[in-house]
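J.: Structure incoming, see below.
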Amino acid sequence: MATESVAPAGLSVVVPTWRDDAALSRLLAQLATLGPRADELLVVDGADSAATRELASGAGARYLPSPAGRGTQLNRGTRAAGGAVRWFLHADAVVAPHSVAAILRSLEAGAAFERAGGFAESLLFEEVPLVRALQRGGGFRVLETPIAVSPVRLARWHRRLKD
């Protein structure tokens with residue numbers, strides 16, 4: 001099996017998406033204005049959509065089709081990322097203009113993610129076991145840089161789980 005990794009770089013941004021091109025378009029436009037910019041941007045699409053592929057390509061991002069499920073998509077993006085530091089964003093995130101600079105100042109390269117076991121391949125809260133493992137192992141830091149996320153996606157999942 002061929003490896004998905006690329007040559008090591010500084011910061012890789014991994015964005016899982018599933019049928020949310022409007023939010024992805026806004027995020028990609030916002031990421032293009034950040035300074036400094038990330039070294040690599042990966043869009044991991046759980047719907048394997050031609051429109052999402054085109055958006056990613058137009059933004060200079062690598063497009064990766066994936067089985068649906070945020071944990072699965074995040075793990076696929078992580079395996080494909082070449083950066084020593086990974087920044088995971090949902091398509092509906094709104095990031096501060098100085099986010100990349102804050103990340104690069106506060107994080108050091110390492111194998112903490114791999115040691116922690118990656119994301120849980122679950123429908124919701126895929127990050128909880130990872131964050132707990134990183135906290136125990138000392139590989140987790142909270143940055144004071146704001147990121148806003150829409151509650152719409154969580155509300156949709158909640159409705160789906162109730163049905």
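Each reported figure results from applying straightforward, stated rules to the coordinates on display, with no laboratory input. Predicted, not measured: the structure shown is a model, and the values here were computed from it. For neighbour counting, all protein chains shown are included, and Cβ atoms are generated from backbone atoms with ideal geometry for every residue, glycine included.
J.: Given the options L24, L104, V128, identify the residue whose Cα lies farthest towards the positive end of the charge dipole of the chain (+1 on Cβ of Lys, Arg; -1 on Cβ of Asp, Glu).
T.: Checking the options against the dipole of the chain, the answer is V128.
J.: Could you please state, rounded to a whole Å, how far the C-alpha centre of segment 126-151 is from the C-alpha centre of segment 63-97?
T.: 14 Å
J.: Exposure proxy check: S66, S49 ranked by fewest other beta carbons within 10 Å? Present the calculation step by step, with values, prior to reporting the outcome.
T.: Numbers: S66 22, S49 19.
Ranking S66, S49 by Cβ neighbours within 10 Å, fewest first, gives S49, S66.
J.: In addition: Could you tell me which label, among (i) 9.8; (ii) 11.4; (iii) 12.0, carries the value of mean projected area of the Cα convex hull in nm² calculated for this structure?
T.: (i)
J.: Okay, next question. Would you order D21, D45, D39 from fewest to most other beta-carbon atoms within 10 Å of each residue's own beta-carbon? Numbers along the way, then the final one.
T.: Details: D21 17, D45 28, D39 20.
Listed from fewest to most nearby Cβ atoms, that is D21, D39, D45.
J.: If you put +1 on each Lys and Arg Cβ and -1 on each Asp and Glu Cβ, how big is the dipole of the chain around its Cα centre, in Debye rounded to 20? Spell out each step's value before the answer.
T.: On the way: 19 positive and 16 negative charges, 74 e Å.
I would put it at about 360 debye.
J.: Output the antiparallel fraction of DSSP beta bridges having both residues in the chain, as a percent to the nearest 5.
T.: Details: 2 of 17 bridges.
For the chain, the DSSP antiparallel bridge percentage is about 10.
J.: Given DSSP loops and a limit of at most 12 other Cβ atoms within 10 Å, what is the longest stretch of the chain that contains no such GluC sites (Glu not before Pro)? Walk me through the intermediate numbers first.
T.: Working: sites that count: E108, E144.
With GluC sites (Glu not before Pro) excluded where exposed in loops, the chain gives 1-107 as its longest stretch.
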